[in-house]
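The values are calculated or read from the model by the stated rules, or taken from the named source; none is laboratory data. It should be emphasised that the depicted structure is a prediction, and the values quoted were computed from it without experimental measurement. A quick note on method: Cβ atoms are made from the backbone with ideal geometry, for glycine too, and the neighbour counts reach across all protein chains shown. Calculation scope for accessible area: heavy atoms of the full protein, side chains included, ligands and nucleic acids excluded. Shrake-Rupley method; radii C 1.70, N 1.55, O 1.52, S 1.80 Å.
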Amino acid sequence: MAGLFITATDTEIGKTVITGAIAAALRERSCDVGVMKPAASGGVADRMGNLVAEDAVFLMKAAGIDLGESRLVNPVCLAPALTPAVAAAISGVTINIQDLIASFQQLSQLHNPVIVEGVGGILAPLWKHYTVADLMFELALPIIVVARPNLGTINHTVLTVEYGRSRGLHMAGIIINGWKQEDAGVLEISNEEYIKEMTGLPVLGKFPYVPEISVPEGKTAGLAQLAEEYLQMDAIFNVIRGRRVQ
Ligand SMILES: Nc1ncnc2c1ncn2[C@@H]1O[C@H](COP(=O)(O)OP(=O)(O)OP(=O)(O)O)[C@@H](O)[C@H]1O
Ligand SMILES: [Mg+2]
């Protein structure tokens, strides 16, 4: 099954923005792209009283997906803004990992490719001791790591890549999010160089900070064009099709 798994060095790094941007660009390229956020926490109640994940809403809007697919796109949505394993436990909810995998498989029947946004970072617990890395292993998708441009990012990014490799995962590349070209100095430039050297992975783009984009406000305008301009969409397309990118 063709697809991509987008993780990050931490929570709030830009997984949703980058997943949405890639999905929007693929849609513009006439791909029948699907999106997934397997588990979300910090959900809010909609007018009908159903819990809704703003990440899933943003991704579906960016990819042009009908809201009727919500249950497959986001099978688990929890109210507490905690890691899913803990948010589920205190909500009295059982997270059935096989259900998440079945939802991914169903989405893969409807769309090709399916771009999956992770939860937190690579070792966030989804249910008991089952982590995001375990799900990545079962979905067997190539993985892109979203990283910050600023201080501390070398350590977080290299650790994420090396841990993924230690688990036999296909770590395919890195995207730096929140890049401010006008402010980029020795810190940001040397961070990128060290990350490339230490991981041996390509940086598949430096996505700018764009104030008009907002996950909580569902502002997706211009994402496809930004992805085409600032991400290496041809290389990302090759990753999705299972080709190694240098
Ligand atoms: N390039 C960007 N330009 C403008 N705002 C951004 C950008 N990247 C991220 N943001 C904003 O920063 C916040 C965090 O981004 P995002 O929700 O994509 O992170 P995340 O890694 O998906 O977080 P989570 O772990 O909660 O899923 C959001 O409010 C989003 O709108
Ligand atoms: Mg997110």
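Among DSSP bridges having both ends in the chain, what percentage is antiparallel? Round to the nearest 5. Walk me through the numbers before you get to the answer.
Details: 7 of 29 bridges.
The antiparallel proportion sits near 25 percent.
Run the accessible area of region 54-177 with a 1.4 Å probe and give the carbon-and-sulfur part as a rounded percent.
Values: 2900 of 5160 Å².
Reported share for carbon and sulfur atoms: 56 percent.
Taking only complete DSSP H runs, can you tell me which helices of the chain stretch 18 Å or more along their own long axis by Cα positions and average at least -0.5 on the Kyte-Doolittle scale?
Working: long enough: 15-28 (20 Å, 0.75); 97-110 (20 Å, 0.42); 153-166 (19 Å, -0.19); 186-199 (19 Å, -0.38).
Length and hydropathy pass: 15-28, 97-110, 153-166, 186-199.
Might you tell me the accessible area per residue for region 3-240, computed with a 1.4 Å probe and given in Å²?
On the way: 10530 Å² over 238 residues.
On a per-residue basis, region 3-240 sits at 44 Å².
Kindly state, to the nearest 0.05, the FRET efficiency for Tyr130 paired with Asn238, given R0 = 41 Å and r defined as their beta-carbon distance. Can you show the working numbers first?
On the way: r = 30 Å, r/R0 = 0.74.
About 0.85, to the nearest 0.05.
Can you give the charge dipole size of region 3-240 about its Cα centre, rounded to the nearest 20 debye, using +1 on the beta carbon of Lys and Arg and -1 on the beta carbon of Asp and Glu? If you can, show how the numbers build up before the last one.
Details: 15 positive and 25 negative charges, 93 e Å.
Computed about the Cα centre, the dipole is about 440 debye.
Among Tyr209, Ile95, Thr153, which residue has its Cα furthest toward the positive end of the charge dipole of the chain, with +1 on Lys/Arg Cβ and -1 on Asp/Glu Cβ?
Of the candidates, Ile95 comes out farthest on the positive side.
Run lengths n ≥ 4 of DSSP H only: what is the helix-derived mean residue ellipticity at 222 nm for the chain, with -39500 (n - 2.57) per run over all residues, to the nearest 500?
On the way: 10 runs with 102 residues, N = 246.
It comes out at -12500 deg cm²/dmol, rounded to the nearest 500.
What's the ranking of 168-175, 232-239, 141-148 by average number of surrounding C-beta atoms within 10 Å, highest first?
Working: 168-175: 21.4, 232-239: 18.2, 141-148: 26.0.
Result, highest mean first: 141-148, 168-175, 232-239.
Order of 68-76, 217-225 by packing, highest average Cβ count within 10 Å first? Show your work: numbers first, answer last.
Details: 68-76: 20.1, 217-225: 16.4.
The packing order, highest mean first, is 68-76, 217-225.
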